[in-house]
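Worksheet: the structure to be examined is printed underneath.
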Amino acid sequence: MEPLEGKMTGLSDPISISTKLQRVADTSRERPQMAWNTLAHHIDIEFLRAAFRLVRKEAAPGVDGMTAAQYAVNLETNLTRLLEAFKSGSYRAPPVRRVHIPKGDGKQMRPIGIPTIEDKILQRSVTMVLTAVYEQDFLDCSYGCRPGRSAHQALARLRAGLMEMWGGWVIEIDIESFFDALSHTTLGSFLDKRIRDGVLRRAIGKWLNAGVLEDQAVRRAEQGSPQGGVISPLLANVYLHEVLDVWFEREVVPRMQGKCFMVRYVDDAVLVFQREDDARRILDVLPKRFARFGLRLHPEKTRLVAFKSPGRRFGGGTGEGKSKPGCFDFLGFTHLWVASRKGNDVVRQKTATKRLTRTLKRIAEWCARNRHRPVKEQHQELSRKVRGHYGYYGIQGNSRSLGQFRTEVQRIWRKWLGRRSWRARMTWERFERLKQRYPLPAARLTHPSAASP
């Protein structure tokens with residue numbers, strides 16, 4: 001389906017669904033000020049079938065304990081009942097089961113919500129309709145959780161912009177607990193501009209107020225959207241589209257003395273300015289701007305970084321001479337200036353140290369738990385993990401980090417293989433022979449052009 005500029009990947013549905021969404025998209029694009037009063041009628045049994053096909057079948061079950069396989073046994077009956085409840089308003093959103101996963105360096109935990117299978121199906125259907133509307137409004141600076149856009153495109157845009165400006169002054173934005181602090185009232189006012197369909201708004205309100213199940217207790221809050229919900233990324237984009245994107249493009253850019261641009265991926269964003277004085281003016285305003293909408297910037301992680309090319313002087317403001325440029329992290333990559341083979345200054349994007357450390361820690365934990373499994377099975381699972389790492393971090397200029405990752409995985413594997421028995425230690429000579437039979441995938445660039453300017 002192509003309801004805009006990009007394709008909605010993974011959607012292999014009847015032509016009627018694509019036609020409906022394309023009409024919604026066309027009308028939304030032609031009438032940018034129009035608020036939709038009727039949209040829910042587009043969601044029918046075909047929509048729900050398509051949404052079910054898009055649901056991850058291996059995902060963990062929600063509070064009801066029902067898996068996708070169990071739901072599929074009586075799929076048509078279940079979907080018909082779900083559609084009737086949705087249209088009549090009798091659908092009750094169950095609490096979201098909350099689990100915690102390591103965040104950043106592993107010292108903090110990130111809460112993740114796991115909806116029920118019916119919630120996932122219905123949220124996916126509503127998201128498909130809302131996406132057709134909001135893709136006409138979202139700006140080019142936004143890349144997260146949008147059809148036809150990816151983190152690698154955001155990284156490529158950032159690198160290209162930095163190279164074009166020969167660097168500049170970068171503001172790293174870190175919103176404290178964004179998904180937990182999102183104001184329901186403010187979100188409702190943003191949705192009013194485009195979506196006034198009572199059925200859809202009622203369903204969204206139920207999801208926002210469903211609460212979370214944690215430690216056998218249901219907790220409900222007056223703000224926030226559980227991370228892990230299918231519709232949460234879209235609501236986050238709607239929220240930050242109004243709070244940050246539109247404000248930056250319409251009010252900030254015209255008032256700056258030098259060039260500037262922004263790249264946002266859901267709640268992660270960086271602002272790049274050609275002049276230091278422009279950057280400092282916006283850095284002073286940002287906390288007030290976010291506070292107006294109930295959000296708070298992390299006082300330490302939100303910072304200004306001097307990121308000018310080493311061969312160029314800092315222009316505008318109080319930068320002094322050829323000061324050594326700093327570095328910053330974005331989407332799991334550290335950005336820094338290096339010299340190319342020809343001696344030119346280029347922006348390199350390498351795996352962030354915290355991300356690499358966290359990944360290796362998880363692999364070490366897995367090897368420790370599974371060291372007594374057959375070597376062939378361990379090799380298959382480790383190879384899958386290594387390929388998954390290459391799948392995200394395999395961009396141009398990151399070969400050295402990929403090679404380091406593979407070397408460290410081999411070291412960890414040998415360590416835990418050597419602890420399978422007190423009698424037969426895994427020497428390096430023995431491990432070298434084992435590697436010849438069970439080699440880990442070689443480092444490879446899966447996105448060789450992602451970092452090209």
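The values are calculated or read from the model by the stated rules, or taken from the named source; none is laboratory data. The structure presented is a predicted model; accordingly, all values stated were derived computationally and were not measured. When we count neighbours, we look across all protein chains shown, and the Cβ atoms used for this are built from the backbone with ideal geometry, even at glycine. The protein model used for the area step is the full one, side chains on, heavy atoms only, and it has no ligands, DNA or RNA in it. Shrake-Rupley method; radii C 1.70, N 1.55, O 1.52, S 1.80 Å.
Structure data summary
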| item | result |
| --- | --- |
| Charge dipole (the range 82-182, unit charges on Cβ, about Cα centre) - positive-most of LEU139, SER88, MET163 | SER88 |
| Top positive-direction residue, dipole computed over the chain with Cβ charges, set PRO32, PRO310, PHE179 | PRO310 |
| Dipole magnitude (debye, nearest 20) for the chain, charges at Cβ of Lys, Arg, Asp, Glu | 2520 |
| Carbon/sulfur fraction of accessible area - the chain, other protein chains in place, 1.4 Å, % | 48 |
| ARG303 long-range amide H proximity, modeled H, under 5 Å | GLU172 |
| Rounded accessible area per residue of the chain, 1.4 Å, Å² | 49 |
| Computed lengthening from ASP215 to GLN33, 0.36 nm per intervening residue step minus Cα-Cα distance | 61.0 nm |
| Segment LYS376-ALA72, extension gain: residue separation times 0.36 nm, minus the distance between their alpha carbons | 106.1 nm |
| Label point distance in nm, SER399-ARG341, each placed 7 Å from Cα along Cα→Cβ | 0.8 |
| Förster radius 41 Å - calculated FRET efficiency between ALA291 and ARG437 (Cβ-Cβ, nearest 0.05) | 0.10 |
| Set LYS206/LYS301; LYS57/LYS415; LYS193/LYS301; LYS57/LYS435; LYS308/LYS342; LYS206/LYS385 screened for pairs whose C-alpha atoms are more than 26 Å apart | LYS206/LYS301; LYS57/LYS415; LYS193/LYS301; LYS57/LYS435; LYS206/LYS385 |
| Cβ-defined net charge surrounding THR80, 13 Å radius [Lys, Arg +1; Asp, Glu -1] | -2 |
| Alpha carbon centroid spacing (whole Å) that separates the range 323-372 from the range 138-202 | 24 |
| Solvent-accessible surface (1.4 angstrom probe) belonging to ILE121, in square angstrom, nearest 10 | 0 |
| Rounded if a/c under 1.5, otherwise prolate or oblate - the range 388-441, Cα gyration tensor axes | prolate |
| Cα lying deepest toward the dipole's positive end in the chain, options ASN344, LEU434, GLN396, charges on Cβ | LEU434 |
| For the range 175-292, size of Cβ-based charge dipole, Lys and Arg +1, Asp and Glu -1, in debye | 460 |
| Cβ crowding within 10 Å averaged over residues, with 48-61, 432-445 ranked highest first | 48-61, 432-445 |
| Relative contact order for the chain, counting Cα pairs under 8 Å that sit 6 or more residues apart, in percent | 16 |
| Alpha-carbon gyration tensor eigenvalues x 5, square-rooted, for the range 155-298, Å | 33, 16, 14 |
| Interchain or long-range residues, amide H under 5 Å from ILE114's placed H | ARG97, ARG98, VAL99 |
| Kirkwood hydrodynamic radius over Cα pairs of the range 366-406, then Stokes diffusion coefficient at 20 °C and 1.002 mPa s, in µm²/s | 189 |
| In sequence order, calculated HN-Hα J values of the range 135-142 (Karplus, 6.51, -1.76, 1.60; Hz; x Gly/Pro) | 5, 7, 9, 4, 8, 5, 6, 9 |
| Using a Förster distance of 41 Å, the FRET efficiency for ASP140-THR407 (Cβ separation, nearest 0.05) | 0.60 |
| Calculated P(r) of the range 44-203 - Cα pairs past 18 Å, % | 72 |
| Charge sum, other residues only, whose C-beta stays under 13 Å from GLU300's C-beta, Lys/Arg counted +1 and Asp/Glu -1 | 0 |
| Semi-axis lengths (Å, descending) of the ellipsoid that matches the C-alpha gyration tensor of the range 275-405 | 39, 23, 10 |
| For q = 0.07, 0.09 Å⁻¹, Debye-computed log10 I/I(0) when each Cα of the chain counts as one equal scatterer | -0.43, -0.71 |
| With all protein chains modelled, accessible area of TRP428 [1.4 Å, Å²] | 120 |
| Amide H contacts of LYS308 (H built 1.01 Å from N, under 5 Å, at least 5 apart or other chain) | GLY168, GLY326 |
| Full-stretch length increase - ARG369, VAL246 - with 0.36 nm per residue and alpha-carbon distance subtracted | 39.4 nm |
